[in-house]
Amino acid sequence: MGKDYYLLFIWRGVEPKLLGPFETIKLRDKKAKELRDDHGTLSVYYPVEISQGAKVEIGVFSGDFFEEQGNITELNDEEQDNQKKCLNHCPKCNATDPDIEWGDKEWGDTQAWQNATCKKCGCEFSETYNYSYSQIDPKI
Ligand SMILES: [Zn+2]
């Protein structure tokens, strides 16, 4: 089965455009070079090869798609309302040290929690940390 040759052009990293299909790799690559001449290194260019006749649709996530949810997934509405990414800040009033009174750290299998009390607005909250990696410390 043959291939269709496309060129994925992402204007300044934000606006994807799928160009093609081109009949040959050569034609596709020529177009890539033309675009590169016009748009320079701020935009990105990827060769795409798919099975002949297959259809590829490239979409975009809206600007707030990642911002609002962060890495927080699969939460019910109440949890979403209560969770916020605000390391070292009160999630309610945004106060930071020295207005935060940090409590004990609690450890789970893959996560740790630290409880905190905001002295400014009085709310109690906890910060959750994910395990990132283990490292052997160099011998001193
Ligand atoms: Zn607060």
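Structure notes:
- Search result, residues across region 118-131 that are in a loop (DSSP other than H, G, I, E, B) and loosely packed, with under 12 Cβ neighbours inside 10 Å: Gly122, Tyr131
- Within region 31-56, the set of residues being free of Cβ contacts under 8 Å to residues at least 12 places away in the same chain and closer than 18 Å to Lys3 by Cα comprises just one member, Lys55.
- Every residue from region 1-20 that is more than 28 Å from the chain's Cα centre (by Cα) and outside any strand (DSSP E or B): Met1, Gly2
- Check on Phe125, outside the structural domain of Val14 (by TED's automatic domain parsing) and either hydroxyl-bearing (Ser, Thr, Tyr) or modelled with pLDDT under 85 (or both): no
- Test for Val44: is it surrounded by 11 or more Cβ atoms within 10 Å (Cβ to Cβ) and either within 13 Å of the ligand (Cβ to nearest atom) or not basic (Lys, Arg) (or both): yes
- Identity of the residue in region 86-117, charged (D, E, K, R) and surrounded by 13 or more Cβ atoms within 10 Å (Cβ to Cβ), that ends up nearest to the ligand (Cβ to nearest atom): Lys92
- Members of region 96-117 found to be under 18 Å from Lys84 (Cβ atoms) and either in a loop (DSSP other than H, G, I, E, B) or of a type in the set (Lys, Arg) (or both), listed by number: Asp97, Asp99
- Of all the listed residues (Phe9, Phe22, Phe66), the sole one being under 30 Å from Tyr131 (Cβ atoms) and not assigned by TED's automatic domain parsing to the domain that holds Cys123 is Phe66.
The values are calculated or read from the model by the stated rules, or taken from the named source; none is laboratory data. Given the structure is predicted, the values throughout are model-derived calculations rather than measurements. Glycine gets a Cβ as well: all are built from the backbone with ideal geometry, and neighbour counts include every protein chain shown.
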